[in-house]
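Following: one structure in structure tokens, then a few remarks.
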Amino acid sequence: MSLFDFFKKKEKKTTETLSPILPQEIYEAGVLELSDIIAPSALKITPRELNLGDKIMRTFFVISYPRFLSESWFSPIINLDKMFDVSIFIHPINTATILRKFQKKVAEVESQIHTREEKGLVRDPILDTAYQDLEDLRDKLQQAQERLFDVGLYISIYGDTKEELDKTETEIKSILESKLVYVKPALFQQEQGFKSMLPVATDVLNVHSKLNSEPLSSLFPFISFDLTADKGILYGVNRHNSSLVLFDRFTLENYNSVVFAVAGSGKSYAMKLEILRTLMFDTEVIVIDPEREYEYMAEATGGRYFNISLNSEHHINPFDLPVAREDEASSDILRSNIVHLVGLFRIMLGGLTPEEDAIIDRAITETYALKDITPNSNFANVNPPLLTDFELVLAGMEGSESLVQRLSKYTKGTWAGFLNRSTNVDINKKFVVFSVRDMEDDLKPVAMYIITHYIWNAIRKNLKKRLLVIDEAWWMMKSEDTASFLFSMAKRGRKYYLGLATITQDVSDFLKSSYGLPLITNSSIQILLKQSPTAIDVVQKTFNLSDEEKYLLLESDVGEGIFFAGLKHVAIKVIASYTEDQIITSDPSQILSIKKAREKLLAKEESREQTDTSRIEQMRQGFTL
């Protein structure tokens, strides 16, 4: 062999030796595996706990169950607002094998009972109960009505400190022991407990109790409420189990509701969908619309639409008086109306001193007297005064100069004509909308107060099932008087078969009012859709939401949220049919396309009519010839 051949062979051998190893080592050193990502930074095992990085973990297992397990007994543990894991291992037991053991066990218990009888001892109730239970279970196993299982129930709790773990452990133990379910910590088996908790379905702890099918079913952890009544309208679909959320607000303890959501989250859409479906159940609906979102809906359903503004042809006289019902006295109605008018002037004039309050009260009384309206009058035949009549009376009173000056802008100034006219609106329709979009912002609370007061007087005339919807209700919560009146309607509405629905996007302004929280608590139905990060903490505290529900509201899509009815609540998604969507949509692009489609349809109909007219004319000429 030459020297060249020797080195060539040596080089080949060296390459064969190094090439499979060196690149592989470099590759393996740089690979990041799944275990590296999910593994804790450090692990320490002690007899009672297991340290996983910054967290401490403690595992328990159930050792004993009572004779009977009630339905959903495990639900309080599942719904705890704590950080914990639960593993449930169910190992089926062969029925034939267990029946042979049962036969032996039944014979043992029966023998003990006979032995006590022979000795003349008093019957042991524990033995008697055990014998009955064994016989009953054996019969069900033989008839295949039941099966037997080895069940391992393990709970692992987490905390930052041992004190936090001890507190959580005490809470869980007290809940379970109140139901006669007893647990023990996995002493010197925390590693096995941790492995049993991993999502690999491996029961390393192997601590089992025997349960038959019926009590085992009560352990099912995934419990969601079904908010479904026998009758009512469809509010949406339960996002957890796809069941229908059906409710009739007029069967609840009160008929009121609140809707909280940010702009663009579908709150008005959800309310319009409820209105559309409510109209099918012989219910009159009245809406105060601040953004002119209900105009097309009123047109499509054959309702009435009133645009209240400074230049509007529609007017409401705040001095109007409702006709007294059989159970009401005229004096009470007049007194109540005077109180409401004082509240109105308090809003209009930017507040009143106690002296000015007294002057306004006396001036209103004298203004009615000027028109021969007294506590004994029949309000069906009276001609109510106008704002100019009130101004005339007020000007003649001592100390009223400032009041008259502030009032003049409503009678002679830029805001004249809004209030100083006789009422020319009629709400005798199944669906009525009052729009205040074109009203100046400073006057919106005044306008909404006058409209709600007019509606309230109309509602009291005759008893009908009605729903009053106030969109962007935070406008009314800005003033103490309007908020107070709104709350009184919520409290008294049930007497007049009235449901009050308030909608708002500004949760903070709504709750700043002293009447905000009482309005929520006096609403049987509460709907929370998508919330803004700035308001979510207030909403969480007000509605006592868990952190998971808080994040659900932050991450919700349009039309998604939480539906509350009494003490129960579910995650909901609002769904409309195609026809309903065409009527209630607020999407500008969709509205524009609908208008274009209607214009095309009208153009086609006009063209067809012209063609038909032309043909008829041609036929006439032909007959003439």
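Some points to look at:
- Of the listed requirements (1) in contact with an Asp or Glu (Cβ under 9 Å, 6 or more places away or on another chain); (2) in contact (Cβ under 8 Å) with a residue 60 or more places away in the chain; (3) not in a helix (DSSP H, G or I), L137 misses just one: (3).
- Considering residues of segment 144-170 that are over 16 Å from K82 (Cβ atoms) and not hydrophobic (A, V, I, L, M, F, W, C) only, the residue surrounded by the fewest Cβ atoms within 10 Å (Cβ to Cβ): Q145
- Total residues in segment 177-202, condition of a type in the set (F, W, Y) and either free of Cβ contacts under 8 Å to residues at least 12 places away in the same chain or part of a helix (DSSP H, G or I) (or both): 1
- Condition met for A363 (closer than 25 Å to D332 by Cβ, out of contact with any His (no Cβ under 8 Å at 6 or more places or on another chain) and at pLDDT 90 or above): yes
- Checking every residue in segment 111-126 against the condition of being hydroxyl-bearing (S, T, Y) and surrounded by 13 or more Cβ atoms within 10 Å (Cβ to Cβ) gives zero matches.
- Considering segment 362-481, the qualifying helices (runs of 4 or more DSSP H), each wholly inside and each with 3 or more residues that are over 16 Å from D289 (Cα atoms), run over 387-395, 401-411, 444-461.
- Residue in segment 555-577 that is in contact (Cβ under 8 Å) with a residue 40 or more places away in the chain, β-branched (V, I, T) and closer than 22 Å to E253 by Cβ present: yes
- Considering residues of segment 350-362 that are in contact (Cβ under 8 Å) with a residue 40 or more places away in the chain and closer than 17 Å to L392 by Cβ only, the residue surrounded by the most Cβ atoms within 10 Å (Cβ to Cβ): I360
- Looking across segment 517-540, the residues that are part of a helix (DSSP H, G or I) and more than 27 Å from I233 (Cα to Cα) come down to I536, D537, V538, Q540.
- Search result, residues across segment 296-320 that are among the aliphatic types (A, V, I, L, M), crowded, with 19+ Cβ neighbours inside 10 Å, touching a helix residue (DSSP H, G or I) at 6+ places or on another chain (Cβ under 8 Å) and more than 17 Å from W415 (Cβ to Cβ): M297
- Answer residue from segment 503-553, given it is under 17 Å from G266 (Cα atoms) and among the polar types (S, T, N, Q) and is surrounded by the fewest Cβ atoms within 10 Å (Cβ to Cβ) among those: S532
- Check on T228, more than 38 Å from the chain's Cα centre (by Cα) and either on the phi > 0 side of the Ramachandran plot or free of Cβ contacts under 8 Å to residues at least 40 places away in the same chain (or both): no
- Residues (in a loop (DSSP other than H, G, I, E, B), within 14 Å of the chain's Cα centre (by Cα) and within 29 Å of I316 (Cα to Cα)) located in segment 246-294: N256
- Selection within segment 203-222 - not hydrophobic (A, V, I, L, M, F, W, C) and not in a loop (DSSP other than H, G, I, E, B): S209, K210, N212, S213, E214, P215, S217
- If only residues of segment 429-461 that are modelled with pLDDT under 85 and closer than 24 Å to R325 by Cβ are counted, the one that is surrounded by the fewest Cβ atoms within 10 Å (Cβ to Cβ) is K461.
- Among the residues of segment 455-482, those identified as among the small types (G, A, S) and farther than 18 Å from S336 by Cβ are A473, S479.
The values are calculated or read from the model by the stated rules, or taken from the named source; none is laboratory data. Keep in mind that this is a model prediction, so the values were computed, not measured. FYI the Cβ positions are ideal-geometry reconstructions off the backbone, even for glycines, and counts take in every protein chain you see.
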